[in-house]
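Participant: First the structure, then my questions, so here it is.
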Amino acid sequence: MRDLRISVTDRCNFRCNYCMPKEVFDKDYQYLPHKALLSFEEITRIAKVFAAQGVQKIRLTGGEPLLRKDLERLIEQLAALRTPEGLPLDLTLTTNGSLLARKAQSLKAAGLQRVTVSLDGLDDAVFRSMNDVDFPVADVLEGIEAARAAGLGPIKINMVVKRSTNAHEIMPMARHFVGSGMVLRFIEYMDVGHTNGWRMNEVMPSSEVIKLIQTELPLVPLEPSSPGETAQRWAYADAFGQPDPALGEIGVISSVTQAFCGDCNRARLSTEGQLYLCLFAVRGHDLRTIIRSGGSDVELATSLSQIWQARSDNYSELRSALPADTGVLVRRVEMSYIGG
Ligand code: SAM
Ligand code: SF4
């Protein structure tokens with residue numbers, strides 16, 4: 001267990017149709033009440049126990065994490081945690097970028113190291129229709145610039161590709177970010193939860209994305225930077241077919257066409273303290289009850305290691321229940337609840 005993702009809110013100011021479609025997440029949608037949310041102190045306590053058990057990286061996510069009030073206070077607390085070797089954790093955050101121009105400086109000052117910004121295209125009309133709240137692309141680009149200026153790099157940019165909606169934005173995005181020092185990552189559109197009306201023919205396989213980019217910008221494959229890395233890395237090549245550091249790299253996340261469960265080392269903590277070891281999990285493990293019923297850190301640590309030990313068994317059960325020809329599992333947890 002190396003990588004912990006913490007969802008700090010189930011709310012969002014966007015309505016990306018692949019994640020929080022408007023028809024479902026409308027004005028009557030019941031979000032979690034405030035008292036259900038883990039407090040910053042509770043999150044930090046859980047994160048500390050995880051760090052003692054080997055977690056080296058924490059990513060804050062949501063919903064939109066920058067909507068959580070005083071998030072900087074949580075970041076300060078998490079930045080003070082240490083691994084058993086005495087090292088700080090790698091502390092990062094995934095955001096839609098809408099509040100980044102305003103917050104980049106204070107996030108950095110609080111101890112955040114890096115950000116990943118989601119951006120599904122550069123064409124304003126396409127982007128506005130994908131976020132479905134008419135949010136302009138220029139404001140996200142301004143947020144990315146502010147993050148860069150604040151030193152929140154290396155910045156990653158996540159683009160979810162839906163074939164009929166933004167596949168034609170792949171090349172403009174590649175051209176925009178090549179040589180920028182930022183790593184653009186293409187994510188296969190996944191069957192999240194049960195609200196986004198997912199269809200396989202909307203998935204553009206990563207192999208196709210790579211082929212398309214190669215037609216204009218030659219690429220060479222790179223080794224994974226760490227075990228359990230979800231993105232396959234590709235470097236832009238120089239005239240000799242070698243990786244060109246000046247041009248940088250891209251990544252593809254093939255969560256549909258090539259599930260990467262085998263060496264997965266991540267855990268996800270939902271906004272209300274449910275621990276999920278798999279994005280495809282049907283149910284989580286309730287850590288909030290352990291802490292709110294007076295459980296000690298030792299009890300928490302024991303539960304965590306039991307949950308983690310049992311994981312492979314659960315996983316093989318899931319796998320064997322699948323038809324042999326499918327790479328897609330049935331997923332029941334919404335992405336906005338558990339975080340990406
Ligand atoms: N609101 C933040 C954001 O959009 O970056 C953080 C939370 S969001 C759930 C995290 C990541 O999940 C984003 O990069 C988003 O594009 C991705 N995501 C959401 N729904 C997805 C889907 N159906 N398929 C693939 N990626 C998805
Ligand atoms: Fe919000 Fe992020 Fe989901 Fe879009 S992907 S609706 S920005 S949580």
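Participant: What nm distance separates the two modelled labels at residue 73 and residue 210, each placed 7 Å from Cα along Cα→Cβ?
Facilitator: 4.6 nm
Participant: Going by accessible area, probe 1.4 Å, with all protein chains left in place, what is the ranking of 200, 173, largest first?
Facilitator: If we order 200, 173 from most to least accessible, we get 200, 173.
Participant: Taking a probe of 1.4 angstrom, what is the accessible area of residue 164 in Å², to the nearest 10?
Facilitator: Rounded to the nearest 10, that gives 90 Å².
Participant: What's the percent breakdown of Cα-Cα distances in region 139-206 across 5 Å bins, shortest bin first?
Facilitator: Each 5 Å bin holds this share of Cα pairs: 3, 15, 22, 20, 15, 13, 9, 2, 0.
Participant: Can you give the percent of C-alpha pairs in region 3-65 whose distance is more than 18 Å?
Facilitator: 46 percent
Participant: Within the P(r) computed for region 208-261, what percentage of the Cα pairs occupies the region above 18 Å?
Facilitator: 33 percent
Participant: In nm², what is the average projected area of the convex hull enclosing the Cα atoms of region 1-147?
Facilitator: Over every viewing direction, the Cα hull of region 1-147 projects on average to 9.1 nm².
Participant: Also, I was wondering about something else. Tell me the angle of helix 40-52 to the major Cα principal axis of the chain, expressed in degrees between 0 and 90 and rounded to the nearest ten.
Facilitator: 80 degrees
Participant: I've got another one for you. Assuming R0 = 45 Å, what is the FRET efficiency of residue 292 and residue 222, from their Cβ-Cβ distance, to the nearest 0.05?
Facilitator: The calculated FRET efficiency here is 0.50.
Participant: Run the helix sum for the chain: -39,500 (n - 2.57) per DSSP H stretch of 4+ residues, divided by residue count, reported at 222 nm to the nearest 500 deg cm²/dmol.
Facilitator: -9500 deg cm²/dmol
Participant: Here's another thing I want to ask about it. Placing unit charges on C-beta atoms (Lys and Arg positive, Asp and Glu negative, everything else neutral), compute the dipole magnitude of region 3-338 about its Cα centre in debye, rounded to 20.
Facilitator: Approximately 660 debye in magnitude.
Participant: Next up: Over all directions, average the projected area of the Cα convex hull of the chain and note it in nm².
Facilitator: 17.2 nm²
Participant: Given the Cα-Cα distance of residue 171 and residue 311 and 0.36 nm per residue of separation, how much length would full extension add, in nm? Can you show the working numbers first?
Facilitator: On the way: separation 140, 0.36 × 140 = 50.40 nm, distance 3.94 nm.
Value of the extension gain: 46.5 nm.
Participant: In nm, give the distance between the simple-model label positions of residue 238 and residue 163, each being 7 Å from the Cα along the Cα-to-Cβ direction.
Facilitator: Simple spin-label model gives 3.9 nm for this pair.
Participant: Same structure, new question: Ratio of Rg to Rh for region 27-108, alpha carbon only, Kirkwood?
Facilitator: 1.00
Participant: Helix 100-110 versus the longest principal axis of the chain: what is the Cα-based angle in degrees, 0 to 90, to the nearest 10?
Facilitator: 50 degrees
Participant: Using alpha-carbon pairs under 8 Å, 6+ residues apart, how would you state the relative contact order of region 3-338 in percent?
Facilitator: 19 percent
Participant: Continuing with this model, one more query. How far apart, in nm, are two points set 7 Å out from the Cα along the Cα-to-Cβ line at residue 83 and at residue 105?
Facilitator: Going by the 7 Å Cα→Cβ label model, 3.3 nm.
Participant: Please go through region 137-181 and write out the GluC sites (Glu not before Pro) that DSSP classes as loop and that have at most 13 other C-beta atoms within 10 Å.
Facilitator: none
The values are calculated or read from the model by the stated rules, or taken from the named source; none is laboratory data. None of the values given here were measured: they were computed from a predicted structure. Backbone-built Cβ (ideal geometry, glycine too); neighbour counts: all protein chains shown. Accessible surface is based on the protein model in full, side chains and every heavy atom, while ligands, DNA and RNA are left aside. Shrake-Rupley method; radii C 1.70, N 1.55, O 1.52, S 1.80 Å.
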